1. List the trypsin sites (Lys or Arg not before Pro) within the stretch 11-91 that fall in a DSSP loop (any state other than H, G, I, E or B) and whose Cβ has at most 15 other Cβ atoms within 10 Å.
2. Of Gln123, Ser158, Leu247, which is farthest on the positive side of the dipole of the chain, counting Cα position, with +1 on Lys and Arg Cβ, -1 on Asp and Glu Cβ, and the Cα centre as origin?
3. Distance from the Cα centre of the stretch 418-467 to that of the stretch 321-393, in angstrom?
4. What list of ³J(HN,Hα) couplings, whole Hz, do you get for the stretch 162-169 from phi and the Karplus terms 6.51, -1.76, 1.60, once you set θ to phi - 60° and write x for glycine and proline?
5. What does the charge dipole of the stretch 80-140 about its Cα centre add up to, to the nearest 20 debye, if the Cβ of each Lys and Arg holds +1 and the Cβ of each Asp and Glu holds -1?
6. What's the whole-number percent of alpha carbon pairs in the stretch 413-476 lying beyond 12 angstrom?
7. Please state, rounded to one decimal and in Å, the Kirkwood hydrodynamic radius that the chain gives when every pair of distinct Cα atoms enters the mean of 1/r.
8. How charged is the neighbourhood of Leu48? Take every other residue with its Cβ under 10 Å from the Cβ of Leu48, and add Lys/Arg as +1 and Asp/Glu as -1.
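The values are calculated or read from the model by the stated rules, or taken from the named source; none is laboratory data. Fair warning: this is a prediction, and the values are worked out from it, not measured in the lab. As a convention, Cβ positions derive from the backbone with ideal geometry for all residues, glycine included, and neighbour counts pool all protein chains shown. We work out accessible area using only protein heavy atoms, side chains counted, and drop any ligands, DNA or RNA first. Shrake-Rupley method; radii C 1.70, N 1.55, O 1.52, S 1.80 Å.
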Amino acid sequence: MSASSEPATGSNIVTRFAPSPTGFLHIGGARTALFNWLFARASGGKFLLRIEDTDRARSTEPAIAAILDGMRWLGLDWDGEEVYQFARAERHAAVAHAMLKSGRAYRCWMTQDEIAAQREAAQAAKQPYRIRSPWRDRTDGPLDQPHVVRIRAEREGSTTIRDLVQGEVTVQNAELDDMVLLRSDGTPTYMLAVVVDDHDMGVTHVIRGDDHLNNAFRQLTIIRAMDWPEPTYAHIPLIHGADGAKLSKRHGALGVDAYRDELGVLPEALFNHLLRLGWGHGDAEIIDRAQAVEWFTLEGVGKSPSRFDLKKLDSLNGHYIRAADDERLAQLAAKFLPFEATPQQLDLLQRSMPALKLRAANLREIADGAAFLFRTRPLEMDADAQALLEGDAKARLHSLHAALDAVDEWNTEALETAVRQVAETAGVKLGAAAQPLRAALTGRRTSPGIFDVLVLLGREESLGRIADQITASPGN
Ligand code: GLU
């Protein structure tokens, strides 16, 4: 037995992302969503979203909201309304009943004890356990007694999947057992629900993590029993941490929302980073949305696990920050300020962005770097800044104050000339003048370029901050 239906091409392609809303949208899920989205967009097909909320105890509304929100933030728009799996339980059950009718499924009254005894016997004989129900060939069970519905799976031969990523994978049918389709309370199992939904949604390509490869064989038995077209499968390798171990929180793997709200990552950077997790196009590292849609193919997905590396994400994010519009950056970075910015402060933040974004790896760093703009006089010096104000720093600040006060045009060139002159006259390197100046102006040891700092603060505030440190008592 092997996949037989004609593969869908071009605009007939339908993919789906089918998250279980038992937690937030994590990196692995977001990458699966991205690959499905790209494959659909690259071919002019459709990308659908199905929320697999059949686990009533573990599915939550906040998780659903976080998944939808995370996808919107990443720009992974889906076609049509999202489908909720639980709401379709009747349809799933109807398919099981159709299979009962056609003889591809049967009712089974095996008790838990009988199943356990079979399992123990198989273990004792060192055989892999596969359920063998006596009800497979009986029709005289008591319909009013609790029972499940099982598929009547092929036992002979083998099943082959031609997976677009994994290649040809074959499983002996004897290894697949008569799985349950309907539980004794009449509710459909996950395996049945996935197959029915994929069919009804017209899914042509199932792209998902390779932890689902085994499920694909079980799902195929249902598909074939129903005589439905078989989807093309692409099982993508899982993501590992930078150390090669299975990805976990320890590797900095967070929910997508945390990258946005805690780390200050731009969606285009996370998009690019997710794309590079397991997919490549030559040596290209920086690949934006439009380029990704143009280049993406499933053939470009590697077979071995990809490694998630926060450092790479930082460097991509830095790239996209420098490319981003300053007004947008100011709006986004303002969320990381420890206070609500006024329109004037937002304006200042935006004007400061060309200087602030130069070295920043994320929005949080931008907000930290901007903190000096909003401090009020007299500034509190941190320990490093205080150390820069010891010794002859005060004398230097004196000369700097005088030289800067005399500058006509308050712009970076004029300010640089003035500061260089002070250093030269004192016979010291530029840094020996710039460092105390930086401390006085920002209260820190590091900041954006010192001449940018002067321009952004303006004449009055800059001279005031310098004067404060000249008159401050030591150690203050
Ligand atoms: N709901 C499954 C999961 O979140 C995915 C099922 C599928 O893609 O077929 O792992």
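1. Details: sites: Arg16, Arg31, Arg41, Lys46, Arg50, Arg56, Arg58, Arg72, Arg88, Arg91; in loops: Arg56, Arg58.
Of the trypsin sites (Lys or Arg not before Pro), the ones in loops of the stretch 11-91 whose Cβ has at most 15 other Cβ atoms within 10 Å are Arg56, Arg58.
2. Gln123
3. 16 Å
4. Taking θ as phi minus 60°, the curve returns 9, 7, 5, 9, 7, x, 7, 10 Hz for the stretch 162-169.
5. Numbers: 11 positive and 8 negative charges, 65 e Å.
It works out to roughly 320 debye.
6. Numbers: 1390 of 2016 pairs.
It works out to 69 percent of all Cα pairs.
7. Details: mean 1/r = 0.0372 Å⁻¹.
Hydrodynamic radius (Kirkwood, Cα pairs) of the chain is 26.9 Å.
8. Values: positive: Arg16, Lys46, Arg50; negative: Asp79, Glu81, Glu82, Asp197, Asp198.
That works out to -2.
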